[in-house]
Each structure stands twice: as C-alpha cells, then as structure tokens.
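**Student:** Encoded as structure tokens, here's the structure I'll be asking about.
The values are calculated or read from the model by the stated rules, or taken from the named source; none is laboratory data. Every value quoted in this text rests on a predicted model; they were computed, and no experiment measured them. Note that each Cβ is placed from the backbone with ideal geometry, even for glycine, and that neighbours are counted across all protein chains shown. Protein only, heavy atoms only, side chains kept; ligands, DNA and RNA dropped before computing areas. Shrake-Rupley method; radii C 1.70, N 1.55, O 1.52, S 1.80 Å.
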Amino acid sequence: MTELAKLKREYAELVIKSGLNLQPGQRLSITCPVVNADFARLCAAAAYEAGCKEVLVRWRDDALTRMKYLRADDAVFDKVHSWEVDYCDILSEEGAAFLTIHSEDPESLRGVDPDRLRRSQISSGRALRTFRERLSTFQCPWCVCAVPSLAWAAAVFPELSVREAEERLWKEILAACRVDGGNAVQNWRNHADEIRRHVRMMNEYNFKLLKYKNAAGTDVTVELPEGHFWGGGEERSAAGFTFSPNLPTEEVFTLPHRTGVNGMLVATRPLSLNGTVIEGFRFTVKDGKIVEVHADKGEKILRDAISVDEGASYFGEVALVPYDSPISQSGVLFLNTLFDENASCHFAFGRAYPCIAGAEKMSEEELKARGVNMSITHVDFMIGSADLEITGVTQDGREVPVFRNGNFVF
Ligand code: ZN
Ligand code: ZN
C-alpha cells in the first residue's frame, strides 16, 4: 500500500470513529460523489468493522446535478419526492448515523438559473424540515467531510497539473484533519479537547455583548441572546455519544440575537457562492439587518443571496477561529465552506443554529421571540485577521479581552 493509501484508510477510520462515533447495531447513510466511490468503500469498511448494521449509500454526481438544473422540467424544483423524505425521516427516527462526503467542483453550478436553486432550496427546506431539525438538534450523529475530486483540486491549485493538484489537496485535507499516519484518532481527541476548553470559557463568561475591531474595517457590536450557549468540536447525540459534525473543525460558535448586530463587517477572504467568487465585500448592519452591501466583485450575486427570504439579510452565526489554526496558516483558499470557514473568525447570514438552552422543545415562534433567526439559507463569510480584537462584555458590564492579535487570549 502506498503512503497516501494508508493515510486515506486512517482518515476513513477517523470519520467513522471520531466524526460519527458509530455504535454497533447502528445504520449508516453515506452521501458521496460517485467519483469518490473508493473513499465511500473505505468508510463503509471502517463502519462494518465498528459493528454497523447496514450501510446505505446515496451517490451524487456534479455533472448530473448540473444537467438537472439546466434541463429538467421546471416544475421539479418545487417538489421533493416522498421516498426521499421517507428515507431521511425513517433513518433519523431510528437514530442512524449520516455521513456526507463532499468533493464538489466549486464552479459546477455556475450559470444555472438562480431561481431554480432557490426554489429547490425552499422545497427541500420544507419537505425535510423534521429531518433537518433532528440533525440541527443532534438527535442523530452526523458528519460532513471532504475528499478531493480532480475538478475541485484543479480549481484550488490552477497552477499545478491535475494529478499534482489532487495530491496537494489530499495533503492539505489530511493535515487539517490531523491525520499523520497512526495517531489520527488521538490527535483529533486532543484537538477536540482544546476546542471544548474554549467553549467552556465562553459559556462560563456568558457574555452579553461581543465587540469586534480590526484594521480591515470591521467594527461591530454583537448582542448574544439570553440563554445562548457556545458549541464547537464535538456534540452529543440523543443516545449520549459524542461526535464531530465537521471534519475538520476549528470553530467555537453561537448565534447572535437576530436584532442585536450593529456596525460594519468587512470580509477578509473571498466567498465562493454557487460558482462565483465574491471579493472585497462588506456589510453595514443596523439592528441585525444588512442595510448596505458592497462588493468589488460579484456584488449582484451577493445581493441575491441576502434576499432569498427575509431572514437572509439577518445573521445566524458568530464563530471564533484562531488566526494560527492550520487551515489559516496554510493560506490556501479551498473554495469550500467546510475548510474556508475554519480559516478565520466568521459570521453567517441566514438561518441560526438554535444554540439556546431548551431549543428542541420550543416552537418556531418561541425561538423567534428569543432572537433566533429563521431562513432557508446559511452562508458563512470570513472576517478574521491577524490583528482582530474581540472584547466580551459581561452581564454586569465588565469588559474582558477574548481575542487579541487574531487569537484567543485564554
Ligand atoms: Zn461556522
Ligand atoms: Zn456556518
């Protein structure tokens, strides 16, 4: 076996053991691009090794997805097949594990009708609501990871030959996931513990406000809702097992109060959105709502993205990522949110993770009243920098430094 083949096997084991923490007797659903069937097989083998009851696979293909958006009958974008809903509902009800493997060409949807994308987002958001709620409240373990495809690798490293680009992207992904040839699960354990330490600190301080400032121009105050909590690294499923929903991950996150963000947010890294790279953009925010948008490149696409529904122009996530994290230090723009969001402190416009104590028992109205933003979209964008300062304000008005020079103080 080549060195890379060994590392891929170790990565697949990491996904099953740490990403999902798959338990004996549990079913596993894998969603995987057909070009990465070899990696799906490695994951399935690791799953059966761990006592998996049954592995079910849903294949994806960039070219077929694109073809559908370009050529299918217009009516299909407003409908989700009932067997698709059944698949998700039945498996999530029994507590199955869900693995999604990504390798999309970031440009595969370039030029498709944005209205078709929007409508299909809306219809699947509606039809799969129960399933998505189960996932977002961690009823079942789930994990999102990525492996290279030739198209994705070529987009990230256009200066290399496709084979070299693929190898380089593997190297970056494995490094970001701490897969080093033998100790991946332990390395991930240590890393997750470090994230948990930061999560605990943020929860103990229970800040009322966060104030951000850097030379790029970000100058914003973020109110955190009453009862909010910070998450990151690992979550706990309803069955009581910890798992890592994102591989890799660096972030410690919560939600802002829907109407509590004020000031200016300036992006420090480009954003890849449906095949277009948006650059040099900033938002002016008043009482939580984006009231002004500017982008040097891709402004129209960005304006469309924050207008898909009312909640799209409000925020759903604040996330803290140290500037010295490996993805940040690699300097690579992965053109994939799973990696790029872990390169930098970020916000997301759109839907909030309901990081409010007791959220799983609250109705949509109650959540809204608590400051949880609702939307069909959720888009992360990066605002971190080497000089970013974040200061927390406690409930009794005390100021505590949280970030200095782009990294955690504590
Ligand atoms: Zn995030
Ligand atoms: Zn996000």
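**Student:** Set the bar at 22 Å for Cα to Cα. Now go through Lys213/Lys286; Lys68/Lys297; Lys300/Lys368 and name every pair that lies beyond it. Display every interim value, and only then the final one.
**Tutor:** Values: Lys213/Lys286 17 Å; Lys68/Lys297 28 Å; Lys300/Lys368 29 Å.
Pairs exceeding 22 Å: Lys68/Lys297; Lys300/Lys368.
**Student:** For the stretch 131-170, what D do you get in µm² per second when you plug the Kirkwood radius from alpha-carbon pairs into Stokes-Einstein at 10 °C and 1.306 mPa s?
**Tutor:** Working: Rh = 11.9 Å.
Answer, rounded: 133 µm²/s.
**Student:** Compute, for Lys213, the solvent-accessible surface of its heavy atoms (probe 1.4 Å) with the complete set of protein chains present, and express it in square angstrom to the nearest 10.
**Tutor:** The accessible area comes out at roughly 110 Å².
**Student:** Give the average over all directions of the projected area of the C-alpha convex hull of the stretch 40-143, one decimal, in nm². Don't skip to the answer; put the middle values down first.
**Tutor:** Values: hull surface 29.6 nm².
That works out to 7.4 nm².
**Student:** How large is ³J(HN,Hα) for each residue in the stretch 274-289, as worked out from phi by the Karplus curve 6.51 cos²θ - 1.76 cosθ + 1.60 (θ = phi - 60°), to whole Hz, x for Gly and Pro?
**Tutor:** The phi angles translate into 6, x, 10, 8, 9, 10, x, 10, 8, 10, 9, 10, 10, 6, x, 9 Hz.
**Student:** Suppose every Lys and Arg Cβ carries +1 and every Asp and Glu Cβ carries -1, with no other charges. What dipole size does the chain come out with about its Cα centre, to the nearest 20 debye?
**Tutor:** Working: 47 positive and 59 negative charges, 57 e Å.
Roughly 280 debye, rounded to the nearest 20.
**Student:** Sticking with this one: May I ask for the Kirkwood hydrodynamic radius of the chain, worked out over all distinct Cα pairs and given in angstroms to one decimal? Each step should come with its number before you reach the end.
**Tutor:** Details: mean 1/r = 0.0458 Å⁻¹.
With all distinct Cα pairs of the chain included, I get 21.8 Å.
**Student:** Right, here's the next one. Hey, can you find the accessible area per residue of the stretch 3-176 for me, probe 1.4 Å, expressed in square angstrom?
**Tutor:** On the way: 8650 Å² over 174 residues.
Per-residue accessible area for the stretch 3-176 comes out at 50 Å².
**Student:** With N set to the number of residues, divide the alpha-carbon radius of gyration of the stretch 184-408 by 2.2 N^0.38 Å and report two decimals.
**Tutor:** Normalised Rg, Cα atoms only: 0.96.
**Student:** Also, I was wondering about something else. Would you mind giving the average projected area, over all directions, of the Cα convex hull of the stretch 124-261 in nm² with one decimal?
**Tutor:** Details: hull surface 49.4 nm².
Directional mean of the projected Cα hull area for the stretch 124-261 stands at 12.4 nm².
**Student:** On average, how much accessible surface per residue is there in the stretch 184-408, in Å², for a 1.4 Å probe, leaving out ligands, DNA and RNA?
**Tutor:** Values: 8860 Å² over 225 residues.
Normalised by residue count, the accessible surface of the stretch 184-408 is 39 Å².
**Student:** While we're here: So what is the calculated 222 nm ellipticity per residue for the chain, using -39500 (n - 2.57) for each DSSP H run with n of 4 or more, over all residues, to the nearest 500 deg cm²/dmol? Walk me through the numbers on the way to the answer.
**Tutor:** On the way: 13 runs with 135 residues, N = 410.
My calculation for the chain gives -10000 deg cm²/dmol from helical runs alone.
**Student:** In terms of Cα to Cα distance under 17 Å, which aspartates and glutamates are near enough to Lys289, apart from those fewer than 8 places away along the same chain?
**Tutor:** Straight-distance partners of Lys289: Asp219, Glu223, Asp304, Asp309, Glu310, Glu317, Asp380.
**Student:** If DNA, RNA and ligands are ignored and the probe is 1.4 Å, what is the ranking of Lys211, Lys171 by accessible area, most exposed first?
**Tutor:** So, going from the largest accessible area down, we get Lys171, Lys211.
**Student:** I've got another one for you. When the scattering of the stretch 3-176 is computed by the Debye formula from its Cα atoms alone, each counted once and equally, what is log10 I(q)/I(0) at q = 0.16, 0.19 Å⁻¹?
**Tutor:** At q = 0.16, 0.19 Å⁻¹ the computed log10 ratios are -1.07, -1.31.
**Student:** A further question on this structure: Round to a whole number: what % of the accessible area of the chain belongs to carbon and sulfur, probe 1.4 Å?
**Tutor:** Working: 9160 of 18190 Å².
With neighbouring chains kept in place, the figure for the chain is 50 percent.
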